[in-house]
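Worksheet: one structure, shown below.
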Amino acid sequence: MAPPFSITTLDGQRMSMDDLQGKVVLLDFWATWCVPCREALPHIPKVAKKFQGEPLLILSVSLDSEEQKWKEFIVKNEMTWPQYRDGSFRGPISRLFAVNAIPTPSPSMPDGVLQDEHIGDASIEGKLKKLLARAREPAVHRQSFQMRRWREGHR
C-alpha cells in the first residue's frame, strides 16, 4: 500500500493520499542533476497527453536541494503537472516511499496499492493502460479481484 502522505505542490495545491482515491497515480521521483531523469522528461508530457481525460494523476517529486534551480528547471521545461520538492533522498516523501535511486516512476491503483516500483519508460504506458482499465471497473469487481490476488499470494 502507498503510505499516507500530505504535501503542498509548487502551485500551492494541497494533496494527500485521501484526495487521490479513485485515481491511478504516477509518482515520478527525479532531480535536475539526474541525467537519466532529464532524458526521461520528454516522455512524461506524452503520457499525460495520451491519457488525458482518464483518472490519472502525475505527481513529480524532486530531490533537488536548491529550490530556485528546481523552479527555473520546471519553467524552462514546461512541466505543467503537479510538482513537489522533497529536497533529497532523506526528504519525508522519499523516505516514506523508500526511494534510493532515481528516476523512479511508481504507479499506484485507485485504492492506493503500489505497483512495480521501477518501471522503465518503455513499459510505463502499457502498465498505465492496464491500471486505468482496472480503475474504470466497478469498485465491487476491483475489490473481489484484489481479494483473489491476496488469497493467491497467501496460499
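Since every read-out is calculated from the coordinates, none of them should be taken as a lab result. In this text the structure is predicted, and so the values were computed from the model without any measurement. With ideal geometry, Cβ positions are generated from the backbone for all residues, glycine too; neighbour counts draw on all protein chains shown.
Key figures
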{"quantity": "Built amide H within the under 5 Å cut-off of Glu54, gap 5+", "calculated": "none"}
{"quantity": "Estimated FRET transfer efficiency (Ser6, Arg95; beta-carbon r; R0 22 Å; 0.05)", "calculated": "0.95"}
{"quantity": "Rel. contact order, % - alpha carbon contacts under 8 angstrom, at least six apart, the stretch 1-66", "calculated": "36 percent"}
{"quantity": "Partner lysines for Lys23 [C-alpha distance under 17 Å; skip if fewer than 8 residues away on the same chain]", "calculated": "Lys49, Lys50, Lys127, Lys129, Lys130"}
{"quantity": "Sorted peptide list for 8-14, 43-49, criterion being average Cβ within 10 angstrom, highest first", "calculated": "43-49, 8-14"}
{"quantity": "5 angstrom amide H check on Thr104, placed H, neighbours 5+ away", "calculated": "Phe29"}
